[in-house]
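The values are calculated or read from the model by the stated rules, or taken from the named source; none is laboratory data. Just so it is clear, the structure is predicted and the values come from calculations on it, not from any experiment. When we count neighbours, we look across all protein chains shown, and the Cβ atoms used for this are built from the backbone with ideal geometry, even at glycine. Only protein heavy atoms, including side chains, enter the accessible area calculation; ligands, DNA and RNA are left aside. Shrake-Rupley method; radii C 1.70, N 1.55, O 1.52, S 1.80 Å.
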Amino acid sequence: MAKLTLPPVELVRSGHSACPGCGPALAMRYLLKGTGERTVVSVPASCWTIIATGYPTTALRLPMIDTPIEATGASISGLRAALDALHMSDVQVVGFAGDGGTVDIGLQSLSGMLERRTDALYVMYDNEAYMNTGIQRSGSTPEGAWTTTTPVEGMARGKGEPKKDIMGIVLAHHPVYAATLNVAYPEDFLRKAQKAASLKGPRFFHVLAPCPPGWKFASDQTVQIGRLATDTGIFPLYEVENGKLRVTRKLGQLKPVRDYIKVQGRFGHLTDAEIDTVEHEVQASWAALLQREARP
Amino acid sequence: MTRLVLSGNYAQSYAARLARVQVISAYPITPQTTIVEQLAKFVSSGELPAQFIKVESEHSALQVCVSAAALGARTYTATSSQGLLLMHELLHWASGMRTPIVMGVVSRSVGPPWSLDADHTDTMSQRDTGWVQIYPESNQEVLDSVLEAFRLAEDLAIRLPVMVAEDAFYLSHTVEPVEVPSQAQVDAFLPPRVPKGTLVPGKATRLGSYVGPADYVRFRREQARAMERVPETLAAIEEDYGRRMGRTYGGLVQEYRTEGADAVLLTMGTASTTARAVVDELRSEGKRVGLARIRVFRPFPAKEVRDLASRVDRLGVMDRSWTFGQMGSAATEVAAAIQSSPRRPRLSSFLAGVGGRDVGTALLREMFRDLLSKEPSGLRWLDMDPPKEVPLHG
Amino acid sequence: MIEIRFHGRGGQGAVIAAELLAQAANLDGKIPQSFAFYGAERRGAPVVSYARIDDRPIRLRTAITAPDIVVVLDPGLVEVAPVMDGLKPGGTLLVNSPLPPERFPTPKPAFVATLDATQIALSHGVGSRTMPIVNTTMLGALSRVSSVVSLSAVQHAIDEHVPARPAENGLAAIEGFHTVRVAELPGLPGGKAPSGPVAPALSSEVPEGPIASMASDVLHTSSWRTLQPVITREKCTRCNFCWKFCPDNAIDLDSEGFPVVRNEHCKGCGLCAVECPPVAIEMVVEGGA
Ligand SMILES: Cc1ncc(C[n+]2csc(CCOP(=O)(O)OP(=O)(O)O)c2C)c(N)n1
Ligand code: SF4
Ligand code: SF4
Ligand SMILES: [Mg+2]
């Protein structure tokens, strides 16, 4: 039998309330395998509020604190402060927030946490919209995607603005470690989680976490679509340690973005010309990423 | 015990230090700033071995305290006015999670128009967020109240956050003698926090879950019961404090010369001190008047107010804020409290000291005069005339 | 006044079914009310919605506890959700099922009606195999088995309010109207409903604060499922991909390293089947129907 490539410990329990095939459910599972049992998790209002199940049950074998949607950065600063004050400095602090709770309403709190150099790991799981409230656009929704607030009707063609560059914003704060992760690549995910857990200071993860109902694909396609996101160059996997960038999943030839776009209902309206535009943008940003990697 | 001449703000900082707070988080706002500046000094000098998390907003300040308190730490924050308003959502989180945070509030008017002066609009507009609210009238009482507040908040039967609200400038920037207890005295009065209902590293503990209606209402009822237990618990704490330090403040409502009074005025905060002097003057003139100071506004001292109402014919309530109800906020509470009492005195609501207008003896005499008159006003905004000579600003 | 309760699964359109019924009843000149309580339901999880229909203004804004009619959109729900709860004696139970009405005995005497709405909807291209949209077919059937709404009003309501494929939905409704079978059943001895699913009991003691610590494993999310993975051991190479990618941790590895699906927690997402390199896992319809 094949060796397990992930630790067998399960810190997320079964019985949770995620939709079938939920990417963010996988994200928490892989993350905690990396950070381990001595972890405290802060979760703002998001799908994960619900996934963790209602009182009196809980889906985590660890402590978890709920917070308002905009306060994850401050919450993890508070957890860290208490652990240090109470002589429990060995405990890992993790903020686990959605994309809306991070790039929009929680951006100030995230910036504050990074700037004051809180020793904690902030994880943004990116399902590219406000899913818990029923698929509204967020700053992290990609251009062209259908959401309930960016309809495809009349002249409207889904979201009209590009996705916010959260990694750029975070890197401008010079965290000790920042990385992009994808639930479709669990071994890479695990390695980064373990690495982050071994470091001190502010750390940040941008995790791609496909959402079947929100992106409009069948629940068995989560991993396939996740892989395509990386292999088309749309969501490259890399890490930045002390300012040095390294691509962690090398790609020779990029797969056509069409393969990724065509399998998701939220992009169903995009024309060939529109897809070509995306293709060019992705090629350019991939080339730029490789250039940054080559920089000494 | 040493006697120091301290501002109300420093009284807050000294009390937090003596309470051995473990996590402090705050954001600057006038007139709160000197509280946190002094705490920063205590922490930097090593006198106070606490984590001081300097945040980018009041919202984050309170979230830091909520999360730290959720793990069992003793936490303190301070703010004022707009800062308190920005905390609004977090105020509910703090009380709903039963975190025993103590917060110093320097009560200041709320803009617009901008104004920095004493006024209770900030704390009154947060009166329904599940926090205990104490309104001291002297710097000594500020220090004593903060220490009592930690004992109360952390009492296992209570576990509620507490605000200690001092009037801007009248306390925050007024210096006067304060008896500062020794660390040993405070340690004996205030033992380390015993965590209950907190997160435990390594254990499945989730604080703040979503719940169904059946559990929601039970949690709210339980929170309400904790609030109902405050008067009795605070009385016991005060008694202990009095035994150790030699000072008490008479429970939730502190009465002054109310025996045989025809009219009693209810006040909060610093106006009470001046009002007491006015009562003495009027008594010496043969007028039978008295004063009752509402020291604790949440939980509202309905029992004490009803008891007072059974003894007098006329009650006036001075409010230092207007909250757009039918009367001032304290007056509205008093009206609700006395409606079930067998004897219902005539009630007047006075708006005075709003936006920092000075509450002097003449103004207080006018309130008593109104109360004793044949036809007392129901609701009255006092002191509305502009100053004789308008000073030029700018 | 007639009170109706719909049982469906998250994402299946139970709320829309109740709203569409309200629109149709309005076209019939009646006064409708439809509502739902939003909870934490996710895709596939059992959900309910409600409607009231009367000739006069409705003066109630409360939950429906004793419905005249219960409509069950998903056949699997009869086993896992309390669909019979409170159904009035002499009321109507309408179930999407290929089975005859007699297979759904009610606690009290009632009319039971069934039709294979999934098949009908799919034959008209409404919905997909994993998520058939049966609400319009079921409303067509409802207009046959009760006087609460007319078929023509259902058709009109579909035309006006169903954004995707209104024509196909209309045809599905008509076929639902014509194929539904009804039987009058006498009720079960003792008048007891078959026991429904067990939710974790609320503790009667007053909680210390909102601290949750009970393991979520007590919640059996198998009720969300319409498809079920079946592993062919002979084909399995023990690569443990299925274990790795299951978002519900519903796959355990036995002592020899073979995957075993934990039935009570599998939500039937199908990820394990798609990710299995030797294609040793097949998704089959729940209950083997
Ligand atoms: C102050 C405030 N505004 C709005 C909401 C409503 N709300 C709850 S969850 C949510 C969506 C969060 O989206 P995201 O952070 O992307 O997480 P996801 O739901 O997609 O997992 C919103 C808007 C809230 N809880 N608090
Ligand atoms: S909506 Fe998407 S992110 Fe939310 S629980 Fe469902 S699959 Fe997961
Ligand atoms: S279908 Fe497979 S992957 Fe999905 S929940 Fe069931 S066991 Fe897990
Ligand atoms: Mg999101």
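Scanning the range B:209-236 for residues that are open to solvent by 30 Å² or more (accessible area, probe 1.4 Å) and part of a loop (DSSP other than H, G, I, E, B) gives B:Tyr210, B:Val211, B:Gly212. So is A:Cys19 facing another protein chain (nearest Cβ under 7 Å), open to solvent by 10 Å² or more (accessible area, probe 1.4 Å) and closer than 16 Å to C:Arg43 by Cα or not? So A:Cys19 fits the description; yes. If you go through the range B:141-171 and keep only what is open to solvent by 10 Å² or more (accessible area, probe 1.4 Å) and either farther than 18 Å from B:Gly353 by Cβ or touching a His at 6+ places or on another chain (Cβ under 6 Å) (or both), you end up with B:Arg151, B:Glu154, B:Asp155, B:Leu156, B:Ala157, B:Arg159.
Restricting attention to the range B:304-329, the residues that are closer than 22 Å to B:Glu141 by Cβ and touching a Leu at 6+ places or on another chain (Cβ under 9 Å) total 8.
Yes or no, residue by residue, for (1) in contact (Cβ under 8 Å) with a residue 40 or more places away in the chain; (2) away from chain B (no Cβ under 14 Å); (3) over 26 Å from A:Ile51 (Cα atoms):
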{"residue": "A:Met113", "(1), (2), (3)": "yes, no, no"}
{"residue": "A:Asp119", "(1), (2), (3)": "yes, no, yes"}
{"residue": "A:Val123", "(1), (2), (3)": "yes, yes, no"}
{"residue": "A:Asn127", "(1), (2), (3)": "yes, yes, no"}
{"residue": "A:Gly134", "(1), (2), (3)": "no, yes, no"}
{"residue": "A:Arg137", "(1), (2), (3)": "no, yes, no"}
{"residue": "A:Thr150", "(1), (2), (3)": "no, yes, no"}
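Of all residues in the range A:140-153, one or more are modelled with pLDDT under 95 and either of a type in the set (D, E, K, R) or crowded, with 24+ Cβ neighbours inside 10 Å (or both). Against the condition more than 16 Å from ligand 1 (Cβ to nearest atom), open to solvent by 30 Å² or more (accessible area, probe 1.4 Å), at pLDDT 95 or above and of a type in the set (D, E, K, R), how does A:Lys216 come out, does it pass? For A:Lys216, the condition - more than 16 Å from ligand 1 (Cβ to nearest atom), open to solvent by 30 Å² or more (accessible area, probe 1.4 Å), at pLDDT 95 or above and of a type in the set (D, E, K, R) - is not met. Scanning the range A:55-64 for residues that are at the interface with chain B (Cβ under 7 Å from one of its Cβ atoms) and either without any contact (Cβ under 8 Å) to a residue 24 or more places away in the chain or crowded, with 24+ Cβ neighbours inside 10 Å (or both) yields A:Tyr55, A:Thr58, A:Leu60, A:Leu62, A:Pro63, A:Met64. Of all the listed residues (A:Ile65, A:Ile69), the sole one being touching a strand residue (DSSP E or B) at 6+ places or on another chain (Cβ under 6 Å), within 25 Å of B:Ala68 (Cβ to Cβ) and within 16 Å of ligand 2 (Cβ to nearest atom) is A:Ile69. With respect to C:Leu87, determine if the residue is touching a Phe, Trp or Tyr at 6+ places or on another chain (Cβ under 8 Å), modelled with pLDDT of 95 or more and of a type in the set (A, V, I, L, M, F, W, C). No; evaluated as a whole, the condition is false for this residue. Exactly one residue among B:Glu239, B:Glu176 is open to solvent by 60 Å² or more (accessible area, probe 1.4 Å) and over 25 Å from A:Val43 (Cα atoms), and that residue is B:Glu239.
Of all the residues in the range B:183-210, those that are within 14 Å of chain A (Cβ to nearest Cβ) and more than 30 Å from A:Ser46 (Cβ to Cβ) number 3. Every test in (1) away from chain A (no Cβ under 14 Å); (2) in contact (Cβ under 8 Å) with a residue 12 or more places away in the chain is passed by B:Ser45 save one, and that test is (2). Specify the residue that is nearest to the other protein chains (Cβ to nearest Cβ); the eligible residues are those in the range A:1-16 that are open to solvent by 10 Å² or more (accessible area, probe 1.4 Å) and in contact (Cβ under 8 Å) with a residue 60 or more places away in the chain. Once the filter is applied, the top-ranked residue is A:Thr5.
Residues in the range A:22-45 that are more than 7 Å from every other protein chain (Cβ to nearest Cβ), open to solvent by 10 Å² or more (accessible area, probe 1.4 Å) and within 15 Å of ligand 2 (Cβ to nearest atom): A:Ala45 only. Considered as a group, the residues in the range A:15-72 that are aromatic (Phe, Trp, Tyr) and outside any loop (DSSP other than H, G, I, E, B) include one that is nearest to ligand 4 (Cβ to nearest atom), and that residue is A:Trp48. Only one of the listed residues (B:Val278, B:Val359) is surrounded by 17 or more Cβ atoms within 10 Å (Cβ to Cβ) and either part of a helix (DSSP H, G or I) or among the basic types (Lys, Arg) (or both). That residue is B:Val278. For the condition part of a helix (DSSP H, G or I) and either outside the structural domain of B:Glu222 (by TED's automatic domain parsing) or aromatic (Phe, Trp, Tyr) (or both), B:Phe150 qualifies.
Taken over the range C:51-76, the criterion of being surrounded by fewer than 20 Cβ atoms within 10 Å (Cβ to Cβ) and either assigned to a strand (DSSP E or B) or not assigned by TED's automatic domain parsing to the domain that holds C:Pro132 (or both) is satisfied by C:Asp54 alone.
On the basis of being without any contact (Cβ under 8 Å) to a residue 60 or more places away in the chain and either among the basic types (Lys, Arg) or more than 16 Å from ligand 3 (Cβ to nearest atom) (or both), does A:Met155 make the cut? For A:Met155, the condition - without any contact (Cβ under 8 Å) to a residue 60 or more places away in the chain and either among the basic types (Lys, Arg) or more than 16 Å from ligand 3 (Cβ to nearest atom) (or both) - is met.
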